[in-house]
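Here the structure is laid out as structure tokens; the discussion comes afterwards.
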Amino acid sequence: MAQKKKSSASKSPKANGTAAPSVNITSYMHEERVFHPSKDFSKGAHIQSMAEYRKMYNESIKSPEKFWAKQAKNELVWLKPWKKVLQWKEPVAKWFVGGQLNVSANCLDKWLDTPTANKAAIIWEGEPAGDNKPGEERVITYKQLHRDVCRFANVLKRNGLKKGDRAIIYLPMVPEAAVAMLACARIGAVHSVVFGGFSAQSVADRIFDCQAKMVITSDGGFRRGMIVQLKKNVDDALKLKDAEGQSLTKTIERVIVLKRAGNEVEIEEGRDVWWHRELHHVDANCPAEKMDSESNLFILYTSGSTGKPKGILHTTAGYLLTAKMTSKYVFDLRPTDVYWCTADVGWVTGHSYVVYGPLANGATSLMYEGAPNFPEPDRFWRIVDKYGVTVLYTAPTAIRAFMKWGVEWTKKHDLTSLRLLGTVGEPINPEAWMWYREVIGGSKCPIVDTWWQTETGGIMITPIPGATPTKPGTATLPFFGILPEVVDDNGRPVPKGSGGKLVIRKPWPGMLRGLWGDPQRYKEVYWSEVKGSYFTGDGCRQDKDGYFWIVGRIDDVLNVAGHRIGTAEVESALVSNHNVAEAAVVGRPDELKGQALVAFVTLKTGVIASPELREQLRAHVGKEIGPVAKPDDIRFAEGLPKTRSGKIMRRLLKQVAAGTEIKGDTTTLEDFNVLSRLGSSDD
Ligand code: WT7
């Protein structure tokens with residue numbers, strides 16, 4: 001059972017006396033609480049002990065090819081066996097060379113002659129209508145999903161989409177989004193899902209970059225009771241031109257439109273067709289295309305805080321194996337689970353952990369269309385209660401929002417069906433971790449804090465829930481086959497306890513295969529920083545138990561009077577104060593110190609901002625971390641500028657902190673209004 005032990009060290013600053021000269025990030029966080037998986041949980045789990053985890057992990061590192069061959073054989077259905085497990089010529093990896101398979105067949109056909117055929121593949125809950133009516137619901141079995149995918153795959157073919165062609169998917173969180181992805185995979189077309197919150201410009205840029213032939217969209221989607229005009233955005237995108245007046249989207253031949261919101265849209269004859277009408281012309285017979293292991297499965301553009309978005313490319317066999325295995329072991333999927341990953345399919349989390357990973361495991365994946373606080377802040381808990389959700393995977397930013405809204409919303413519902421909780425997207429501050437554990441998990445659910453990236457395809461550093469003792473704030477240990485290391489500027493491993501760059505030493509099946517159309521940039525961004533390794537861009541430290549603690553993006557590490565401080569740690573210290581809901585820390589140029597710390601802070605509901613509170617918070621950080629980390633300026637804000645995936649847009653906050661005009665791309669910003677309200681430091 002959980003053993004609670006919080007040493008005084010976790011509450012007081014500790015000088016890091018062991019730092020070697022080459023080490024360049026000092027980590028100040030010292031969390032010492034440890035929680036062991038309960039015997040009850042472990043005894044039904046896929047992996048039941050650390051000994052079992054270590055044995056499998058060691059095998060995966062010592063003889064990777066043997067390990068992956070065994071996994072690929074057990075986990076995937078092959079149409080033709082591979083000849084070579086790995087062909088590695090840095091930075092290009094090819095996995096399961098010579099093999100053939102189909103992703104959609106692995107997610108659907110595989111289950112047809114089994115008891116899983118009539119099990120729910122997708123449970124979908126629509127956004128509730130504005131007048132507070134309960135949401136629509138749909139339950140789609142594996143057999144039905146197979147039929148829907150086959151039919152839509154025939155629609156794609158009928159409309160000229162061929163193997164290797166690219167299609168943009170720009171849909172709300174409806175089951176048809178998964179149908180469209182799987183249908184592309186079935187015929188060997190490459191999908192690029194664009195998040196429904198993105199603008200016409202983002203759609204056009206992505207169409208241009210991947211030279212897409214088709215857009216799959218809907219009339220509209222619901223968001224907080226309003227209709228997002230998706231088709232209208234597509235129409236606008238298809239009119240956009242570059243600086244020379246050239247159309248960005250001339251490759252588009254067809255737009256398929258799903259009727260979802262019922263809003264009026266324009267249909268351009270010869271270009272646009274309705275999804276439901278097209279279905280009249282097809283049957284449900286569509287054999288899955290034989291695809292090479294390394295054929296392209298999807299491109300996903302990362303929101304990218306600077307510059308042109310990067311088209312992250314993932315291929316077939318390696319990606320699917322990673323998605324499947326991580327889903328199985330990290331979420332410990334069991335046949336009876338109702339598994340809910342709250343991410344939108346527009347993000348990689350939605351690809352790997354709403355669609356491909358769970359379906360390849362024959363699991364039941366829940367999809368919810370709307371926002372967590374619409375019509376009321378108990379929306380998630382209502383859904384957990386209604387469907388008896390057993391595994392919940394969400395983001396720290398959502399957890400902090402729930403903390404802010406208060407426990408009266410969680411208490412209204414029965415959450416006892418939950419048996420496992422997960423987080424992803426950013427470092428989770430121990431405060432939020434504890435709240436998640438106690439309030440949502442009733443102190444009985446293991447928490448898996450999973451570190452990974454769009455580029456990695458699947459989870460890389462994570463607890464294995466039946467085995468790994470967890471500590472609040474760390475993603476703990478590597479998944480099978482993953483060899484992470486923390487290194488200094490010269491690529492040498494740093495001693496335990498010291499900060500450095502997080503790299504991955506070995507290729508893994510789910511890794512990105514490149515940036516679409518830009519091999520040079522792929523090499524520069526990921527394979528040039530540290531020789532012979534994949535560079536993650538994250539700062540990290542390993543503790544004495546070998547656990548990995550992410551301290552934030554390297555670009556966000558601040559240099560304050562010669563101290564290198566990860567922003568995540570100062571933020572974590574701020575939110576450990578009971579008045580604070582969320583915090584973002586950035587640097588501002590400072591003559592004396594090089595950089596000065598500016599903190600943007602949102603307060604919990606009911607807490608009033610005041611100069612006294614500002615001083616109190618500065619003192620609090622001083623006590624938690626040390627005087628060097630005390631923010632020079634604290635600005636209270638109603639909200640923080642975030643991307644739709646919940647990442648704080650520090651680039652914008654830096655400009656606000658420095659008092660310069662906001663420049664650059666703000667199209668991914670969730671709520672533009674927050675920016676204008678951040679301008680001054682008045683209370
Ligand atoms: C970056 C990747 C992975 C899918 C969603 C985000 C940060 C992600 C964690 C975690 C600390 C985390 C890292 C990483 N990150 N998960 N558990 N602990 N940091 O995908 O947009 O590609 O972002 O998110 O900085 O590099 P992404």
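What the table below lists for this structure:
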item: Residue 344 out of contact with any helix residue (DSSP H, G or I) (no Cβ under 7 Å at 6 or more places or on another chain) and of a type outside the set (A, V, I, L, M, F, W, C); result: no
item: Matching residues, the range 428-458, being assigned to a helix (DSSP H, G or I) and either within 13 Å of residue 398 (Cα to Cα) or within 13 Å of the ligand (Cβ to nearest atom) (or both); result: 430, 432, 433, 435, 436, 440, 454, 455, 456
item: Qualifying residue in the range 387-408 (condition: buried (at least 20 other Cβ atoms within 10 Å of the Cβ) and touching a Pro at 6+ places or on another chain (Cβ under 6 Å)); result: no
item: Selection from the range 531-583 of residues that are in the same structural domain as residue 654 (by TED's automatic domain parsing) and of a type in the set (Ser, Thr, Tyr); result: 567, 572, 576
item: Complete set of residues in the range 459-492 that are part of a strand (DSSP E or B) and within 14 Å of the ligand (Cβ to nearest atom); result: 461, 470, 476, 478, 484, 486
item: Residue match in the range 2-23 (condition: at pLDDT 95 or above and surrounded by 14 or more Cβ atoms within 10 Å (Cβ to Cβ)); result: no
item: Scan of the range 517-540 for residues that are outside any helix (DSSP H, G or I), among the polar types (S, T, N, Q) and free of Cβ contacts under 8 Å to residues at least 40 places away in the same chain, ordered by number; result: 528
item: In the range 241-280, the residues that are hydroxyl-bearing (Ser, Thr, Tyr) and either exposed (fewer than 12 other Cβ atoms within 10 Å of the Cβ) or in contact (Cβ under 8 Å) with a residue 12 or more places away in the chain (or both); result: 249, 251
item: Residues satisfying the stated conditions in the range 375-423, i.e. over 29 Å from residue 42 (Cα atoms), in a helix (DSSP H, G or I) and among the basic types (Lys, Arg); result: 379, 404
item: Scan of the range 396-420 for residues that are touching a strand residue (DSSP E or B) at 6+ places or on another chain (Cβ under 6 Å) and of a type in the set (D, E, K, R), ordered by number; result: 400, 404
item: Contacts under 7 angstrom Cβ, first residue in the range 74-94 being among the β-branched types (Val, Ile, Thr), partner surrounded by 12 or more Cβ atoms within 10 Å (Cβ to Cβ) and not in a strand (DSSP E or B), 6 or more apart; result: 77/105; 77/106; 77/110; 85/68; 85/69
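The values are calculated or read from the model by the stated rules, or taken from the named source; none is laboratory data. Just so we're clear, the structure is a prediction, and the values are computed from it rather than from any experiment. Don't worry about glycine lacking a Cβ; one is built from the backbone with ideal geometry, like all the others, and counts go over all protein chains shown.
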